[in-house]
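Below is one structure; the comments refer to it alone.
Values in this text are rule-based calculations from the coordinates and carry no lab data. Given the structure is predicted, the values throughout are model-derived calculations rather than measurements. With ideal geometry, Cβ positions are generated from the backbone for all residues, glycine too; neighbour counts draw on all protein chains shown.
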Amino acid sequence: MNLYAETSAVLAWLLGEPDASRVRRALASATTVVSSDLTLVECDRVLIRAVTLGEIAETDAADRRARLNAVATGWHVLRVNADVVERARHRFPAEPIRTLDALHLASALVARGAVRGLGVLTLDNRIHASAAALGFTVVP
């Protein structure tokens, strides 16, 4: 399966949260992984926030950032371009949708035009509901 990796799932893997193993398996078994540069920014911001609040050490954040960057080199990372912004400005099936979630859903829709059989990897309930209503297979 080809997957669009949304931030909630990537963060679960990166931070070792309870669903990390399910996300890791989904990413490892994917033929193609697509994500957005938004995911990389969001992950970096979470790590910066965790260091700033004293939740993790800077060295731990650097290790996690390096792990993310290494894995993401094998992904197709989409830019938030005009097509993504235009689609994000419109309604989604499971409103209300937050701004960043709309950008993720719009990115997945744009990517689906180029990647056959694209599913969405997410742990976010709103994204899950909208992605399913848009015809995506949603995992885990």
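Observations, loosely collected:
- Scanning the stretch 17-37 for residues that are loosely packed, with under 14 Cβ neighbours inside 10 Å and either among the β-branched types (Val, Ile, Thr) or not in a helix (DSSP H, G or I) (or both) gives 18, 31.
- If you go through the stretch 1-22 and pick out every residue that is free of Cβ contacts under 8 Å to residues at least 24 places away in the same chain and in contact with a Ser or Thr (Cβ under 9 Å, 6 or more places away or on another chain), you end up with 1.
- The set of residues in the stretch 23-38 that are out of contact with any Leu (no Cβ under 8 Å at 6 or more places or on another chain), touching a residue at least 12 places away in the same chain (Cβ under 8 Å) and closer than 15 Å to residue 70 by Cα is empty.
- Selection within the stretch 67-107 - among the charged types (D, E, K, R) and either surrounded by fewer than 21 Cβ atoms within 10 Å (Cβ to Cβ) or free of Cβ contacts under 8 Å to residues at least 12 places away in the same chain (or both): 67, 79, 83, 86, 87, 89, 91, 95, 98
- Neighbours by Cβ (under 8 Å, 6+ apart or cross-chain): first from the stretch 40-66, over 17 Å from residue 12 (Cβ atoms); second surrounded by fewer than 13 Cβ atoms within 10 Å (Cβ to Cβ): 51/57; 51/58
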